[in-house]
Amino acid sequence: MEIIKVVHALEQFAPLPLQEDFDNAGLQVGLTDAEVSGALLCLDVTEETVDEAISLDCNLIISHHPLIFHKLARLCGENYVQRTVMKALANHITIASMHTNMDEAEGGVNFMMAEKLKLSEVEFIGKRKNVEGVEAGEGVIGRLPEPLAADDFVLTVKDTFGVEMLQANQLLRRPIATVALCGGAGSFMLDEAIKAGADAFITGEMHYHEFFGHEQQIQIAVIGHYQSEKFTAEVFQRIINDKCPGVRTVISTVNTNPIIYF
């Protein structure tokens, strides 16, 4: 199967017009008319990721975060983005990214987070869109299998997402039954979570002052950008296995999280 067909399958699931104005999802590097030898699926693309693709004989990398986010004025190897692009081109590897379009699409990143927490009755919150017949929204809300005390909820979230250090506000003194979430830098959805009646809100990043004023109103759990989106490769794998049977997929084992916890 040609690379272009794999990329189109992902774009049908999460159309590029869904992406936010600031984003740069879609084809990043390389050509798409070659046959797929294998697809490496990852969150970020680094030089180590390209090395992994080479070692696994994968000529296609699908990432969540775009490698090329800002305009490249030159290619001379002066930073990791330029070096990664140059290495991919030298080894005939194509790179495509599905970012905010995959965040917002039904069945995308936020739905995978909800699935990992075993939430039921999952539905969108925040602004909604319908592009090319695909329903999309900024965040989601759902119900836990059973209500949890706040400390048990925090421990469950830490275990589910492999979180080394979770940031939370004052623990709720009531059971948590409904959970809203938005992967990545999703603090802008906090008010929508409160409006939707969520007992808790999970996201990847939040500013210091945004924690104030919500004591006993909603349980905030900030788990880290990488941790909140680490299962995105599984979404890619499902789509490719369903729409492009026979294409070999490999989930990257390279930890690209640039943040180290001490």
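The values are calculated or read from the model by the stated rules, or taken from the named source; none is laboratory data. What you are looking at is a predicted structure, and each value in this text was computed from that prediction instead of being measured. Counting neighbours? That spans all protein chains shown, and the Cβs are built from the backbone with ideal geometry, glycine included. Accessible surface areas use protein heavy atoms only, side chains included; no ligands, DNA or RNA. Shrake-Rupley method; radii C 1.70, N 1.55, O 1.52, S 1.80 Å.
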| task | Take the Cα radius of gyration of region 182-262 and divide it by 2.2 N^0.38 Å, with N its residue count; two decimals is plenty. | result | 1.42
| field | Alpha-carbon spread of the chain, three principal axes, descending order, Å | value | 57, 42, 30
| Backbone HN-Hα couplings from phi across region 236-251 [Karplus 6.51/-1.76/1.60, Hz, Gly and Pro as x] | 4, 4, 4, 4, 5, 4, 7, 8, 10, x, x, 7, 6, 10, 9, 7
| said: 7 Å from Cα along Cα→Cβ at both GLU115 and PHE262: what's the point-to-point distance in nm? | reply: 3.8 nm
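What percent does the relative contact order of the chain come to when contacts are Cα pairs within less than 8 Å and at least six residues apart?
Numbers: 555 pairs, mean separation 56.2, N = 262.
Relative contact order, the chain: 21 percent.
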| said: Give the separation of the Cα centroids, region 194-215 to region 220-247, in Å. | reply: 24 Å
| query | How much accessible surface area, in Å² rounded to 10, belongs to the heavy atoms of GLU164 with a 1.4 Å probe? | reply | 120 Å²
| note | Restricting to Cα pairs under 8 Å and 6 or more apart, the percent relative contact order of region 72-136 works out to 20 percent
| remark: Largest fluctuation, THR203, THR232, THR156 only, Gaussian network model of the chain with Cα springs under 10 angstrom, belongs to THR156
| field | Within a Gaussian network of the chain (alpha carbon springs, distance under 10 Å), most fluctuating of ASP103, ASP44, ASP151 | value | ASP151
| note | A chain fully extended from LYS158 to ALA34 at 0.36 nm per residue, minus the present Cα-Cα distance, gains in nm 40.5 nm
| field | Nearest 10 degrees, 0 to 90: helix 3-13 Cα axis against the chain principal axis | value | 20 degrees
| request: Return the carbon/sulfur percentage of the accessible area of the chain, one whole number, probe 1.4 Å, all protein chains in place. | output: 51 percent
| task | Step through the residues of region 209-218 one at a time and calculate ³J(HN,Hα) from phi using the Karplus curve (6.51 cos²θ - 1.76 cosθ + 1.60, θ = phi - 60°), rounding each to whole Hz and writing x for Gly and Pro. | result | 6, 6, 6, 5, x, 10, 4, 6, 9, 7
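Quick check on region 59-205: of the DSSP beta bridges with both residues there, what percent are antiparallel, nearest 5%? Can you show the working numbers first?
Numbers: 14 of 22 bridges.
So the antiparallel bridges amount to about 65 percent of the total.
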| message | On C-alpha positions alone, give me the angle between the axis of helix 80-90 and the longest principal axis of the chain, in degrees, nearest 10. | response | 40 degrees
| field | Loop-located trypsin sites (Lys or Arg not before Pro) in region 25-112 whose Cβ has at most 15 other Cβ within 10 Å (DSSP) | value | LYS71, ARG74
| request: Return the subset of LYS87/LYS127; LYS71/LYS230; LYS87/LYS230; LYS5/LYS230; LYS5/LYS87 for which the Cα-Cα distance in this structure is over 29 Å, preserving the input order. | output: LYS87/LYS127
| remark: In whole Hz, the Karplus estimates of ³J(HN,Hα) for region 145-162 (6.51, -1.76, 1.60; θ = phi - 60°; x where Gly or Pro) are x, 8, x, 10, 5, 4, 5, 5, 4, 4, 5, 5, 5, 4, 5, 5, 9, x
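In percent, how large is the relative contact order of region 112-198, given Cα pairs closer than 8 Å and 6 or more residues apart? Intermediate results must be reported in sequence, preceding the final value.
Values: 119 pairs, mean separation 27.5, N = 87.
Computed over region 112-198, the figure is 32 percent.
Keeping every protein chain present and rolling a 1.4 Å probe, give me the accessible area per residue for region 128-262 in Å².
Details: 6790 Å² over 135 residues.
About 50 Å² of surface per residue is accessible.
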| task | In nm, give the distance between the simple-model label positions of HIS207 and ILE194, each being 7 Å from the Cα along the Cα-to-Cβ direction. | result | 1.5 nm
| remark: Distance in nm between GLU146 and ARG83 label points, each 7 Å along Cα→Cβ, equals 5.1 nm
| field | Long-range HN-HN contacts of GLY184 with modeled amide H, under 5 Å | value | GLY204, SER228, GLU229
| said: For a quick check: with amide H placed at 1.01 Å from N, whose amide H comes under 5 Å from GLY38's, ignoring anything fewer than 5 positions away on the same chain? | reply: ASN59, LEU60
| note | Rg (one decimal) and Dmax (whole number) from the Cα set of region 1-85, in Å, equal 13.1, 35
| task | Would you please name the trypsin sites (Lys or Arg not before Pro) within region 93-178 that are DSSP coil residues with at most 11 other C-beta atoms within 10 Å of their C-beta? | result | ARG173
